[in-house]
Amino acid sequence: DEDTAIDATGQKLSFRMPFAMTLSAGILGVKGSLVTAGTGAALLTCDINEAGATILSTKLTFDATETTTISAATPVVISDVNLASDAIITVDVDTLDTGGVAAGLKISLIGSLA
């Protein structure tokens, strides 16, 4: 949904990895974007899990009024760059934007075939 504000924490989507992949390091390997930026004091944060375990030691954070995680004051840190073929990947919202307007969440995983 591109327009409805994200109004609850928890799992937002899941999919199976179509192939084994090695993510690029840091902000080059995992990126987030929003259609509508958050405005609240609390920042929207997201986690990515492989088979139920996080792959991030520092989660994706969207700064207020920003629609990308690329320029976040606290950059993402990937703790597990190796994603297995057919692994279940989930994207969770851990913290909501207290402004209540962040919408259109997308996550990109960037890397190479393993």
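Return the residue satisfying two criteria in turn: it lies in the stretch 15-30 and is surrounded by 15 or more Cβ atoms within 10 Å (Cβ to Cβ) and β-branched (Val, Ile, Thr), and of such residues it is farthest from Leu109 (Cα to Cα).
Ile27
Could you tell me whether Leu113 is at pLDDT 95 or above and crowded, with 18+ Cβ neighbours inside 10 Å?
Numbers: at pLDDT 95 or above: yes; crowded, with 18+ Cβ neighbours inside 10 Å: no.
Criteria not met by Leu113.
Among the residues in the stretch 31-39, are any open to solvent by less than 10 Å² (accessible area, probe 1.4 Å) and not in a loop (DSSP other than H, G, I, E, B)?
Yes, that holds for at least one residue.
So, Lys12, is that one over 16 Å from Leu96 (Cα atoms) and either charged (D, E, K, R) or open to solvent by 30 Å² or more (accessible area, probe 1.4 Å) (or both) or not?
Details: over 16 Å from Leu96 (Cα atoms): no; either charged (D, E, K, R) or open to solvent by 30 Å² or more (accessible area, probe 1.4 Å) (or both): yes.
Considered against the rule, which asks whether it is over 16 Å from Leu96 (Cα atoms) and either charged (D, E, K, R) or open to solvent by 30 Å² or more (accessible area, probe 1.4 Å) (or both), Lys12 comes out as no.
Would you check which residues across the stretch 40-51 are open to solvent by 60 Å² or more (accessible area, probe 1.4 Å) and either modelled with pLDDT under 95 or touching an Asp or Glu at 6+ places or on another chain (Cβ under 7 Å) (or both) and list them?
Step one: list which residues in the stretch 40-51 are open to solvent by 60 Å² or more (accessible area, probe 1.4 Å), which gives 41, 51.
Once the filter is applied, which keeps residues that are open to solvent by 60 Å² or more (accessible area, probe 1.4 Å) and either modelled with pLDDT under 95 or touching an Asp or Glu at 6+ places or on another chain (Cβ under 7 Å) (or both), the stretch 40-51 yields only Ala41.
Across the stretch 52-76, which residue is most open to solvent (accessible area, probe 1.4 Å) among those that are in a strand (DSSP E or B) and of a type in the set (S, T, N, Q)?
Let us first name the residues in the stretch 52-76 that are in a strand (DSSP E or B), namely 53-54, 56-58, 60-62, 68.
Narrowing the set further to residues that are of a type in the set (S, T, N, Q) leaves 54, 57-58, 61, 68.
Details: Thr54: 60, Ser57: 80, Thr58: 41, Thr61: 20, Thr68: 42 Å².
Filtering the stretch 52-76 for residues that are in a strand (DSSP E or B) and of a type in the set (S, T, N, Q), the one most open to solvent (accessible area, probe 1.4 Å) comes out as Ser57.
Against the definition (among the hydroxyl-bearing types (Ser, Thr, Tyr) and either at pLDDT below 95 or touching a helix residue (DSSP H, G or I) at 6+ places or on another chain (Cβ under 9 Å) (or both)), how does Ser85 come out, yes or no? Talk me through it step by step, then tell me what you get.
Working: among the hydroxyl-bearing types (Ser, Thr, Tyr): yes; either at pLDDT below 95 or touching a helix residue (DSSP H, G or I) at 6+ places or on another chain (Cβ under 9 Å) (or both): no.
It is false that Ser85 is among the hydroxyl-bearing types (Ser, Thr, Tyr) and either at pLDDT below 95 or touching a helix residue (DSSP H, G or I) at 6+ places or on another chain (Cβ under 9 Å) (or both).
Quick check on my filter: what residues within the stretch 77-100 are part of a loop (DSSP other than H, G, I, E, B), among the aliphatic types (A, V, I, L, M) and under 13 Å from Leu43 (Cβ atoms)?
Pass one, the stretch 77-100, residues part of a loop (DSSP other than H, G, I, E, B): 79-81, 84-87, 96-100.
With the extra rule that they be among the aliphatic types (A, V, I, L, M), the set shrinks to 81, 84, 87, 96.
Result: Leu96, single match.
The values are calculated or read from the model by the stated rules, or taken from the named source; none is laboratory data. It should be emphasised that the depicted structure is a prediction, and the values quoted were computed from it without experimental measurement. For neighbour counting, all protein chains shown are included, and Cβ atoms are generated from backbone atoms with ideal geometry for every residue, glycine included. Side chains are part of the model used for accessible areas, which takes the heavy atoms of the whole protein and leaves out ligands, DNA and RNA. Shrake-Rupley method; radii C 1.70, N 1.55, O 1.52, S 1.80 Å.
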